[in-house]
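Some notes on the structure that comes next.
The values are calculated or read from the model by the stated rules, or taken from the named source; none is laboratory data. Only a predicted model underlies this, so the values are computations on that prediction, with no experimental measurement involved. A quick note on method: Cβ atoms are made from the backbone with ideal geometry, for glycine too, and the neighbour counts reach across all protein chains shown.
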Amino acid sequence: MGTPAPDLDRLEEKLNRLKREYDLFLAGQRRVEPAAFRDELEREVLQLTKHPFHTTAARFRIKNLAHRFRALESQLRNLLEKKRTKKPEEEPGQEKATPSVLIDRAALERPEAIESHLRALHRALTDSFPGRPPPPLSALQKKLLDEARRILERPGLLGIRFALVEDEAGLRIRGEVVPEPRA
């Protein structure tokens with residue numbers, strides 16, 4: 001029996017191609033997992049491992065390729081499992097959106113315009129402390145509007161953004177002054 005070097009070269013090329021295809025799939029550049037190609041390659045690896053080779057070099061190369069295929073398969077299985085179980089808030093570079101409300105001078109004149117934002121802030125505050133009664137929405141609204149009035153008396157300010165933040169002291173509402181844009 002001759003050495004099936006062309007078959008082994010072709011198999012190695014296919015193994016490298018499978019790795020590239022999965023890299024593209026995991027990066028989001030391919031919509032469909034190359035499972036059919038993986039299955040085809042698996043059949044070829046099985047077929048070649050069952051084939052009796054006379055040379056030690058051919059046996060070594062087949063075992064090496066089979067091992068590389070199994071290692072890649074194991075790595076892909078782990079990556080795919082992580083991808084399937086990953087929650088949206090775990091995405092890298094994405095922070096969890098926190099409710100906030102911008103109170104400017106117009107909002108001080110018409111507080112009903114920011115009511116939905118205040119409700120979202122109140123709901124997040126309520127959800128953050130289960131078992132503890134939250135402050136009433138009206139009290140929260142009054143406190144934030146009074147604070148905004150006090151701060152917006154200063155010139156050069158567009159408004160104040162109140163947001164729910166977590167720091168070493170725990171969860172709290174923090175106000176951040178928004179300056180007027182300079183011309």
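Looking across Arg77, Arg68, Arg84, one residue alone is surrounded by fewer than 13 Cβ atoms within 10 Å (Cβ to Cβ) and within 17 Å of Leu18 (Cβ to Cβ). It is Arg77.
Exactly one residue among Leu41, Leu72 is within 29 Å of the chain's Cα centre (by Cα), within 14 Å of Glu12 (Cβ to Cβ) and at pLDDT 85 or above, and that residue is Leu72.
Looking across the stretch 27-58, the residues that are exposed (fewer than 14 other Cβ atoms within 10 Å of the Cβ) and part of a helix (DSSP H, G or I) come down to Ala35, Ala36, Asp39, Glu40, Arg43, Leu46, Gln47, Lys50, Thr56, Ala57.
Taken over the stretch 109-130, residues that are within 11 Å of Gln141 (Cα to Cα) and surrounded by 12 or more Cβ atoms within 10 Å (Cβ to Cβ) amount to 8.
Quick check on Ala113: is it among the hydrophobic types (A, V, I, L, M, F, W, C) and over 35 Å from the mean Cα position of the chain (by Cα)? No; evaluated as a whole, the condition is false for this residue.
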